[in-house]
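Following: one structure in structure tokens, then a few remarks.
The values are calculated or read from the model by the stated rules, or taken from the named source; none is laboratory data. Predicted model only: the values in this text are computed from it and were never measured. Counting neighbours? That spans all protein chains shown, and the Cβs are built from the backbone with ideal geometry, glycine included. For the accessible areas, the whole protein counts, side chains as well, though only heavy atoms, and no ligand, DNA or RNA atoms are used. Shrake-Rupley method; radii C 1.70, N 1.55, O 1.52, S 1.80 Å.
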Amino acid sequence: MAEERTKDTAAAQILKRARESGISTAFSRAEQTRPCPIGSTGVCCRMCAMGPCRLVGKTTVGVCGATLGTVVARNFARMVAAGASAHSDHGRDMALTLLAVARGEAEAYSVRDETKLRAVAADLGIKHQGRETKDVAAEVAQTLLADFGRQSGEINYVERAPETRQRLWRDLGIAPRGIDREVVEALHRTHTGVDQDASSILRHSLRVALGDGWGGSMIGTDISDILFGTPGPVTSAANLGVLSDDEVNIVIHGHEPTLSEMVVVAAQDPEMVAYAKEKGAAGINLSGICCSANEVLMRHGVASAGNFLHQELAVLTGAVELMVVDVQCIMEGLATLADSFHTTLVTTSTKAHIRGATHVQFDEHRAYEIAKDIVRMAIDNFPNRGEVHIPREKEGLVAGFSHEYLNYMQGGTFRGSFRPLNDAIVQGRIRGVAGVVGCNNACVPQDVAITGVIEELIAKDVLVVATGCAAIAGAKYGLLSPEVWDKVGPNLREVCEAIGVPPVLHMGSCVDNSRILTVLTQMVSEGGLGEDISDLPVAGICPEWMSEKAIAIGTYFVASGLYVVFGVRSPVSGSDEVVDIMMREWPQEVGGALEFEPDYEKIVEKVLAQIDAKREALGLEEYRPDRYGASGDQPMEEWLAIPAGQRSPYSRKPVS
Ligand code: SF4
Ligand code: MSK
């Protein structure tokens, strides 16, 4: 039954009601739709009209002679290219918005974090002292935009990586030239009759992915911070219980923060609140799904109604007046579902139309006006609300751990550093660090692997950083709340309490995985943990992945030197040659490996083995549980006492 496909009791209640009413959801459709056993292992090639060629049984090559290795590698490379395109197009839109702001063409926006703007300008070698903000912003936007169409040389942020890593990329010929160029070349190479050597195809997919992580995604994160503020810790809540039974519920879903930021402002506009009351509502309640949720959660404390598989469930409560979406991870099934309820589904991007939805074209030049129109549509829909079933489940959380804030937290404004974290790792108080990232997947029980991995790792003194839907999953079970201490190993607990951070750090949305790259780089430059990212006792995990973006993220972490393991199933299991390249050739070339393992307990074993092997290679003290454990002070609480709108990632004093 569909309700057995989740660990979440709120989801199970809604799914039971849906089943009894005969309404289909991704959960029930996943029961009926078995994944194609051929396509899911990567051995189906449909690159030309002599196929599709399915390389199964006695068929070991395609009509053109393409081998299993070539076919599987090509399919994988195309996943990386599609994922990188999604992140990078997001980054491009952010850069175009910054340029419009600098030119005075997008009045609703401004540069909210001038410190970050000038830090980015300095990184790019742009003179910023004594120059007006708008001029610096315009040059930063144009310089970063040039990285998309660059034909030769390297994208700018390659230079942010540790020097050893930069040299390695250059020696291997995988330093990305232009973000778009690498994607186009991936599509060219994988066209029929071009690159037909699995190693070569996969090496290029590393280059494409680097253009995402150190390019499009990093640009997306930096410019979001410049325009909307660099996050610092915020308290909030997650799960369907954040929906309100007496207010107008607007759910923001998708990825780009340009529209959602404006909806946040419009929903607080006294004119809109008064209008909602006129229509019989107690007010306006905003919440988010997926990464739009993460963006407004990190910056404004807007509650999250849930992760990827919660999008339909929110509508099924009957309490959502309007769901506004932009791009990525939006299920087409929402349109049909919304028809069965009073919910209005609003699409806003030129790139993402859904038949049956209401399209309101977003334009950053008229952003606030459009956001108000959307909020008004939601309010007008409130009187149409019928029966409502909102589960009570919601858990408190702390989110908003930008790299800047972590730096500040470990030493203040003048002595900010990663020294305390590095020292704790060197001493064995923190065993290592794991990134737990990525989606939900309707083919596996919702949240089981994500929360299982997080709980086992923090119990064994591994600090977890989380992004995307994995972060929301953790939040729904209280793993991002300061009350989680009874589940944390004594050594990790001591360090986290002393520094003042929870054991699971919510670092943002999918593009914000680039924040993890920045943290890793700073851990290297802080010293004591080797010369390169590949030396660190760190691993990446994507327990319930489903999107091509997740594959691109995993691949850029591998190319940056990490061991990365994905759950669910392997899209490359059809070729031993490809598996061998990812597990044996890549470690020799880039120091990272990519593995797929459906059993989350085995994932934990593999990650701990990897972390311990890195510790040993660094000559660090052997990790010994129960050696430490006395708790320290809790400076984060001091910070959280500052009212939300007055917090800065650079100071523990209120800013006006
Ligand atoms: Fe078949 Fe080769 Fe065409 Fe692929 S490219 S569909 S393997 S003939
Ligand atoms: S939203 S890519 S389901 S993490 Fe970024 Fe969640 Fe995966 Fe989409």
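Phi angles of region 256-266 translate, via the Karplus equation with coefficients 6.51, -1.76, 1.60 and θ = phi - 60°, into HN-Hα couplings of 7, x, 4, 6, 4, 4, 6, 5, 4, 5, 4 Hz per residue; Gly and Pro are given as x. Between Ser481 and residues 5 or more places away or on another chain, which pairs have amide H atoms under 5 Å apart, with H built 1.01 Å from N, and which residues are they? HN-HN under 5 Å from Ser481: Val398. Across region 57-67, computed HN-Hα scalar couplings (Karplus, 6.51 cos²θ - 1.76 cosθ + 1.60, θ = phi - 60°) run x, 7, 7, 9, 9, x, 4, 7, x, 4, 7 Hz from first to last residue, x flagging Gly and Pro. Solvent-accessible area of the chain (1.4 angstrom probe, protein heavy atoms only): carbon and sulfur portion equals 49 percent. Fully extending the segment from Thr9 to Ser21, taken as 0.36 nm per residue of separation minus the present Cα-Cα distance, adds 2.5 nm. About its Cα centre, region 502-613 has a charge dipole of approximately 360 debye under the convention of +1 per Lys or Arg Cβ and -1 per Asp or Glu Cβ, with nothing else charged. Normalised by the number of residues in the chain, the mean separation of alpha-carbon contacts (under 8 Å, six or more apart) gives a relative contact order of 17 percent. Surface exposure of the chain, expressed per residue as accessible area with a 1.4 Å probe, stands at 36 Å². Annotation: amide H-H contacts under 5 Å for Gly288 (H modelled 1.01 Å from N, sequence separation of 5 or more, or interchain): Ile252, Ser304, Ala305, Gly306.
Within the same chain, lysines fewer than 8 places from Lys460 are excluded, and of the rest, those with a Cα less than 25 Å from its Cα are Lys7, Lys476, Lys487, Lys602, Lys606, Lys614. Partner lysines whose Cα lies under 18 Å from the Cα of Lys351, excluding those fewer than 8 positions away in the same chain, are identified as Lys549. Scanning residues 5 or more positions from Ile38 or on other chains, none has an amide H under 5 Å from its amide H, with H placed 1.01 Å from N in the peptide plane. Each residue of region 557-563 was assigned a 3J(HN,Hα) from its phi angle through the Karplus expression (A = 6.51, B = -1.76, C = 1.60, θ = phi - 60°), giving 5, 4, 5, 8, x, 9, 7 Hz with x at Gly and Pro.
Farthest toward the positive end of the dipole of the chain, out of Met409, Ala238, Gly62, is the Cα of Gly62, where the dipole comes from beta carbon charges about the Cα centre.
Helical content alone sets the calculated 222 nm signal of the chain at -14000 deg cm²/dmol, taking -39,500 (n - 2.57) per DSSP H segment of four or more residues and averaging over every residue. What is the P(r) of the chain, as percent of Cα-Cα pairs per 20 Å bin from 0? Percent of Cα pairs in each bin: 20, 55, 25, 1.
Straight-line reach from Lys277: which lysines fall under 18 Å, measuring Cα to Cα and dropping same-chain residues less than 8 apart? Excluding near neighbours in sequence, the set is Lys372.
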